[in-house]
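Note sheet for the following structure.
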Amino acid sequence: MFLDRLKNFKSYKTETTPCRVKLSSNENPFDLPEWLKEKISEAVKNIPLNRYPDPTSQELKEVIADFYGVSPENLVLGNGSDELIHLLVTVVGQIDRPVMYPVPTFPMYQVSADILGRPKAEFLLDQNFQLDKREIDKALEKEPQLAFFASPNNPTGNSFDRDLILYTAERGIFTAVDEAYIHFSDKKDFLNEAVNSDRIVVIRTMSKIGLAGIRLGVLIANKDVASLLDRARQPFNITYPTQIIGKIVLTEGKEVIKNQIEKIVSERKRVMEQVQKIKGIKVYPSDANFFLIKVPDGETVHRMLIEEGVLVRNMSHLPMMENCLRVSIGKPEENDTFIKALKNVMEKI
Ligand SMILES: Cc1ncc(COP(=O)(O)O)c(C=O)c1O
C-alpha cells in the first residue's frame, strides 16, 4: 500500500547482457596503466576503513578545482553526477513546479522527477536533434523552475545551440548544463557562465574519462549557489576510496587521461568513417565518446550484434529514436570487431 506508486515506476535500466565487446555504457574503454594502479593500491591499503571520510572532500576538491581551472568553493561533489541531478531536482525551486528538458535525452532527469512526483515539461528536439525555440517556448508556458540540457546530448551525440540554453536561463529558469561528454568536444563549455551566474550550473562526471567505478560527479556553480546546494548533500557521499583514488588519478594520472581522451576522439573519427561506408546505415554527427546510428531494423541488428559478441545500446524505445543504436567508442581492436560484426549483420538482413 505504502509503495503502490512504485508499482508502475520505470527505473533506470542499463544493458547487462554479457558480451565479449561492451560498447553500451559510454565508458572510457582504457584501463589505467599498471604504475598508476600500483600507486592507487598502495594508497588504498593505508585507508583507515573504520573511519568516516572527510565530509567536505576538501583535498579532492582542491585537485578537481585545479583540473577544471575554478576554485574549490565553486564545487559540489556527488556520488556520480546522477546524485547531483537528483539533488537539483529535489531542492531547486518549488517541488510542484516543473522540471524542463528536451527529449530524447539522458533519462535520469525524468527518473528523478518521477521519484519525487515533480511535474515535467518535456519538449521535443527538432529533426537534427537540435533545440527548437518554439518547443522551448511551449515548455516555458508550463512555468518550470529548473532546466536540464545535456550538451553534448546523450543519446544523440550532438551539442546544443548555446544561445538557446542561455535564452532559457535568461527567462528566469535555473539552468543545469550537463557536460558529461564535454571532454570529447571542441565546443565552448559553460564553466564561465556557471562561475559568474546565480542561475546557471555545470555538471561534470569522472565516469566518461576513466573513473566510472569510483562514482564521482562534480557540480560547478558560483560560490553562493554551491554553498547552498552543498547543505542539502548527503554528509559522507564521497567515500574514502573515491577521495583517495580521485586525488591520485587527477594529479599523477592527468597526462594518462588526456592521452586516452585524444585516442578516443581519433578512434571516433575512424570508426564513424568506416560505418558510414556500410550501405543502409545512417550515421549521426557526434561530439561525444559514442555515436548514434540508424539501421533498417533496430531490434534485429541489436540482437544479431550480440550474437557476434558485441553489445551496443538499443535506443528504439525512446521518442524519435526508431531503429537507432548508440555505439560507444572502444579500444581500436574492439572497434574493429564492431565494424566487422556490423558488416556481417548488414549483409545477412
Ligand atoms: C548526460 C549524462 N549525464 C550524466 C550521466 C551520469 O553519470 P554518472 O556516472 O556520473 O552518474 C550520464 C551517464 O551516462 C550521462 O550520459
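If you take the beta carbon distance between Tyr12 and Asp297 as r and set R0 to 30 Å, what does 1/(1 + (r/R0)^6) give as a FRET efficiency, to the nearest 0.05?
Numbers: r = 26 Å, r/R0 = 0.86.
After rounding to 0.05, the efficiency reads 0.70.
Taking Cα centre as origin and charging only the Cβ of basic (Lys, Arg, +1) and acidic (Asp, Glu, -1) residues, the dipole magnitude of the range 48-251 rounds to 340 debye.
Rounded to the nearest 0.05, what FRET efficiency do Leu116 and Asn192 have when you use their Cβ-Cβ distance and R0 = 30 Å? For R0 = 30 Å, the calculated efficiency reads 0.45.
Its relative contact order, with pairs defined as Cα atoms under 8 Å and 6+ residues apart, puts the range 48-251 at 28 percent. The loop-placed GluC sites (Glu not before Pro) in the range 277-349, going by DSSP, that have at most 13 neighbouring Cβ atoms within 10 Å of their Cβ come out as Glu322. The label point for Leu166 and the one for Asn259, both projected 7 Å from the Cα toward the Cβ, are 3.8 nm apart. Taken along the Cα-to-beta-carbon direction at a fixed 7 Å, the label points for Asp336 and Arg270 span 0.9 nm.
Eigenvalues of the alpha-carbon gyration tensor of the chain, scaled by 5 and square-rooted, set the equivalent ellipsoid semi-axes at 31, 27, 19 angstrom, largest first.
Peptides 121-132, 310-321, 79-90 ranked from most to least packed, by the mean per-residue count of other Cβ atoms within 10 Å: 79-90, 310-321, 121-132.
With a cut-off of 16 Å, note down the residues of the range 208-234 whose backbone N falls inside the zone around a label point 7 Å from the Cα of Tyr52 toward its beta carbon. Hits in the range 208-234 for Tyr52 at 16 Å: 231-234. Shown is the FRET efficiency for Lys39 and Glu59, computed with R0 = 22 Å from the Cβ-Cβ distance and rounded to the nearest 0.05: 0.90.
Please give the length that would be gained between Asp31 and His317 if that part of the chain were fully extended, namely 0.36 nm times their separation in residues minus their C-alpha to C-alpha distance (nm, one decimal). Walk me through the intermediate numbers first.
On the way: separation 286, 0.36 × 286 = 102.96 nm, distance 3.13 nm.
Extra length from Asp31 to His317 when fully extended: 99.8 nm.
Other residues lying with their Cβ under 13 Å from the Cβ of Asp230 contribute a combined charge of +1, Lys and Arg counting +1, Asp and Glu -1.
Kirkwood's formula applied to the C-alpha pairs of the range 48-251 gives a hydrodynamic radius of 17.1 angstrom. Under 1.5 on a/c is rounded, so check that first for the range 289-349, then, if it is not, pick prolate when a/b is larger than b/c and oblate when it is not; a ≥ b ≥ c are the square roots of the alpha carbon gyration tensor eigenvalues. It comes out oblate by the Cα gyration axes. With contacts taken as Cα pairs under 8 Å and at least 6 residues apart, the range 163-308 reaches a relative contact order of 19 percent. Excluding same-chain neighbours fewer than eight residues apart, the lysines reachable from Lys277 by a Cα-Cα span under 28 Å are Lys22, Lys187, Lys208, Lys263, Lys269, Lys294, Lys331, Lys340, Lys343, Lys348.
Residue exposure proxy: Asp4, Asp224, ordered by other Cβ atoms within 10 angstrom of their Cβ from fewest to most, comes out as Asp4, Asp224.
From the alpha carbon centroid of the range 1-79 to that of the range 317-343 is 25 Å.
The chymotrypsin sites (Phe, Trp or Tyr not before Pro) of the range 144-200 include none that meets both conditions, a loop assignment by DSSP and at most 16 other Cβ atoms within 10 Å of the site Cβ. Among Glu252, Glu179, sorting on how many other beta-carbon atoms sit within 10 Å of each Cβ, with the fewest leading, yields Glu252, Glu179.
Every number in this text was worked out from the coordinates using simple rules, so none of it is lab data. Everything quoted here is computed from the prediction, not taken from an experiment. FYI the Cβ positions are ideal-geometry reconstructions off the backbone, even for glycines, and counts take in every protein chain you see.
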